[in-house]
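Remarks on the structure that follows.
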Amino acid sequence: MAIVRWDPWREIEDMVERYTRAVGQPRAGSQEVIAAGDWAPRVDIIETDKAFVIKAEIPEVNREDVKVTVDNGILTIRGERKQEIEEKGKKIHRIERSFGIFTRSFTLPDNVDEKNIKASFKDGMLNLQILKTEEVKQKAIEIKVE
């Protein structure tokens, strides 16, 4: 077995990240919720003229183990990464990847079509394309003085 230098700062960073996810605390200024779970995939959210695109990194997760839902303007990605079963003759020296159930939820803006979301999954990347609708213009209501 090789000798590995211990990095206390890495341990502290890992501990803070696990705590933040355990309490479901989102990053400052975001409109997302990280639900309690064993881990949470990293995501990119991109806006184009016609759609919002969400790209989630979920390597080593089977397509059958991922579920995407929309309810009351909240898009939720749920799934599970299953841990590899230890085989005879193999020694595990370190495991840094997270396994188990994950959940990520995002508040959708008003100008999207919740019924027209396209999802694709390839090479560990979940890509969601949420098409925009026409901008909803606020209608001014005239107030009459009596």
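Among the listed pairs Lys67/Lys139; Lys82/Lys132; Lys50/Lys122; Lys55/Lys82; Lys67/Lys90, those with a Cα-Cα distance over 30 Å are Lys67/Lys139; Lys82/Lys132; Lys67/Lys90.
Distant-in-sequence amide contacts of Ile58, defined by a placed amide H-H separation under 5 Å and a gap of 5 or more residues or a different chain, comprise Met125, Leu126. Take 54-62, 120-128 and order them by the average number of nearby Cβ atoms within 10 Å per residue, most first; the result is 54-62, 120-128.
Under 5 Å between amide hydrogens, built in the peptide plane, is the criterion, and for Gln83 it picks out Gly100 among residues at least 5 positions away or on other chains.
Among 64-74, 9-19, 100-110, sorting by the average number of other beta carbon atoms lying within 10 angstrom of each residue, highest first, gives 100-110, 64-74, 9-19. Extension gain, Lys122 to Met15: 0.36 nm times the residue separation minus the Cα-Cα distance gives 35.4 nm.
Computed from the coordinates by the stated procedures, all read-outs in this text should not be read as laboratory data. Keep in mind that what you see is a predicted model, and the values were worked out from it rather than measured. With ideal geometry, Cβ positions are generated from the backbone for all residues, glycine too; neighbour counts draw on all protein chains shown.
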